[in-house]
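Down below is the structure, laid out as structure tokens.
The values are calculated or read from the model by the stated rules, or taken from the named source; none is laboratory data. A quick note: this is a predicted structure, and the numbers were derived from the prediction, not measured. With ideal geometry, Cβ positions are generated from the backbone for all residues, glycine too; neighbour counts draw on all protein chains shown. Each accessible area value is taken on the protein alone, full model and side chains, heavy atoms only, with ligands, DNA and RNA left out. Shrake-Rupley method; radii C 1.70, N 1.55, O 1.52, S 1.80 Å.
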Amino acid sequence: MPSPGPLSYSSVRAYLECPLRWKYLYIDHLPEAPRGYFSFGRTIHSVLEEAVRPLVVPVARRTPSGRSQRTLEDYRPAGSGTEPVAAPGTIADTEAVMEMYRRAWVSDGYTSTEEEARYRQLGAEILGRYWETVRADPPSPVAVEEHLEASWDGVPVHGYIDRVDRTPEGGLEIVDYKTSRELSAADARESDQLGLYQVLVRENFSDPVERLTLYHLRSLTPLRSSPRAAGALDALYGRVTTVRDGIRAEEYPPTPGRQCPRCDFRKICPEFKEVPGTERDRLILLVDRFRDLRDREQKLNAELEATAGELHRAAEQLGLHRIPGTREVAIRRREETWRFDAAAVDKALAETGRTERVDGSDADAVRKLANDPALSAETRAAIASAGSRRTRWYWELER
Ligand code: SF4
């Protein structure tokens, strides 16, 4: 049985969206094309990691192995410099943050130099404004861009957490930066990402998680919510185990949806893959033949029904149940089905003092009751009148 390894939020989301895309990414390790908005997000996260790190004041951990920081080299282009911008405990000035931004810029995936320039400008505005708020009211981070792992009731999970802050009440606030255009309070309340981070921080830090926050950088808005309640975490755990079980069972069905237009694997996905040129003509003929046969099937069914109807009318007019042809005899059969109103049956029984519940869809059981001599004639009549009979006539052929 394959082991899925520790599951991250992105991995769980990718599997739930489309297991086949998950396989391409996590088993086959197929690369995805770079995209400007991902590079943009990575650049901003990288700068905030570097700028906030000097403010980190470590706190008590549950596990000694809790510290496994992602390095800035994961973000920064080679040769761009790694000099610290601020001594521990000091807040870098905005100009220093802008210098970090220049060094950290990732150019991959932009569709044109104009688009890249637009994003560059946007990033400078976002960071400049955000950093002013940080300087005016500094946070109290206890961890930045930290990789946490945990076993969640037996399921290994992990994630990189943008920031964990100390709250004024002495607990912890999980902060995830978002560079997206739109973000709502509902996004923050319902975010599975924050739910999973809550579990990771709970399992790795000693202090309680008090707040979950998606920080919308474009509008400088912290969208705060309370920690997820037990019921919400149970539901999330259910989704995580669904993914774990699907991977263990090697179930990777393609699941088309609104993610497909952005999927890099359309060319190899069976839902969108093109028929090879060498097979095209043969398969076109097969599909056309299948279509023709379907049409003929529909016509034949209509004709069959009309002929049976004409035979039924003749049989009724002439009082016949057997009509010979040249090869076989058509025999007219009768099928009777009953349906009962379960509530009316229950009511009739309740009036006799009997408390048994009868399944109204079980016509045989109800009809048995309607003939039960232990019941009064009125009750039997009430049960019988709760039913309706349907009679169907059909033809069989015999030699
Ligand atoms: S194209 Fe759609 S169905 Fe196919 S792998 Fe990608 S996401 Fe899944």
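With respect to being near the ligand (Cβ under 8 Å from one of its atoms) and acidic (Asp, Glu), Glu271 fits the description. Counting only strands (runs of 3 or more DSSP E) that sit completely within segment 171-278, zero hold 2 or more residues that are in contact with a Gly (Cβ under 6 Å, 6 or more places away or on another chain) and surrounded by 19 or more Cβ atoms within 10 Å (Cβ to Cβ).
Within the option set Asp372, Asp359, Asp346, Asp292, being modelled with pLDDT under 95 and open to solvent by 60 Å² or more (accessible area, probe 1.4 Å) holds for one residue only, Asp359. Here is the figure for segment 129-154: residues that are part of a strand (DSSP E or B) and touching a strand residue (DSSP E or B) at 6+ places or on another chain (Cβ under 7 Å) total 10. Exactly one residue out of Ser184, Ser226 is without any contact (Cβ under 8 Å) to a residue 24 or more places away in the chain, more than 27 Å from Gly5 (Cβ to Cβ) and polar (S, T, N, Q), and it is Ser226.
Just a yes or no: is a residue in segment 7-22 at pLDDT 95 or above, touching a His at 6+ places or on another chain (Cβ under 7 Å) and away from the ligand (no atom under 16 Å from the Cβ)? Looking through segment 7-22, at least one residue is at pLDDT 95 or above, touching a His at 6+ places or on another chain (Cβ under 7 Å) and away from the ligand (no atom under 16 Å from the Cβ).
Residue-level check: of (1) more than 22 Å from Leu7 (Cβ to Cβ); (2) aliphatic (A, V, I, L, M); (3) within 16 Å of the ligand (Cβ to nearest atom), Ile247 misses just (1).
If you filter segment 23-57 down to residues that are more than 16 Å from the ligand (Cβ to nearest atom), aliphatic (A, V, I, L, M) and assigned to a loop (DSSP other than H, G, I, E, B), you find that the one that is farthest from the chain's Cα centre (by Cα) is Val57.
Screening Arg354 against (1) open to solvent by 70 Å² or more (accessible area, probe 1.4 Å); (2) under 43 Å from the mean Cα position of the chain (by Cα) leaves a single unmet condition, (2).
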